[in-house]
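The values are calculated or read from the model by the stated rules, or taken from the named source; none is laboratory data. Note that the coordinates shown come from a computational prediction; the quantities given were computed from them, not determined experimentally. With ideal geometry, Cβ positions are generated from the backbone for all residues, glycine too; neighbour counts draw on all protein chains shown. The accessibility values were calculated without ligands, DNA or RNA, using every heavy atom of the protein model including side chains. Shrake-Rupley method; radii C 1.70, N 1.55, O 1.52, S 1.80 Å.
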Amino acid sequence: MKFVHPKTGARLLGAAAVSGALVVGGVLVGTPAYASPYNCSSSYTGNSFNVLCNTGSGSYQAVVRCYKIGSTSYTLRYGAWVKIHNISTATCLSSEEAASGSWNVRSY
């Protein structure tokens with residue numbers, strides 16, 4: 001923001017422009033704060049692992065460790081990245097068993 005001094009006409013750079021804040025109607029408005037998704041719950045349904053987060057911003061993704069039946073080898077399966085109040089589901093193949101679910105988060 002540039003201001004013009006009322007007496008000299010000199011152009012001044014406003015402090016609000018320097019700080020990244022904005023003055024609207026006499027109120028200082030800053031940039032919004034962001035928090036990673038939290039207040040999350042999870043569950044197993046059949047061969048899938050589900051995650052639902054209710055607070056924060058950004059997105060999250062379900063991750064489940066899928067063990068091949070009759071083996072100790074596993075593959076990580078990933079659900080879709082979703083925003084708050086949506087369910088992300090990671091599903092194992094029919095030849096696998098779901099275990100050790102978790103989730104990844106991203107902040108915006």
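For this structure, a couple of remarks:
- Distance (nanometres) between label positions extended 7 Å along Cα→Cβ at Ile87 and Ser57: 2.7
- Accessible-area rank, largest first, for Tyr108, Tyr67: Tyr108, Tyr67, with all protein chains present and a 1.4 angstrom probe.
- At the residue level, Cys53 shows approximately 0 square angstrom of accessible surface with a 1.4 angstrom probe and all protein chains present.
- Net charge of Cβ neighbours under 12 Å - reference Gly58; Lys, Arg +1; Asp, Glu -1: +2
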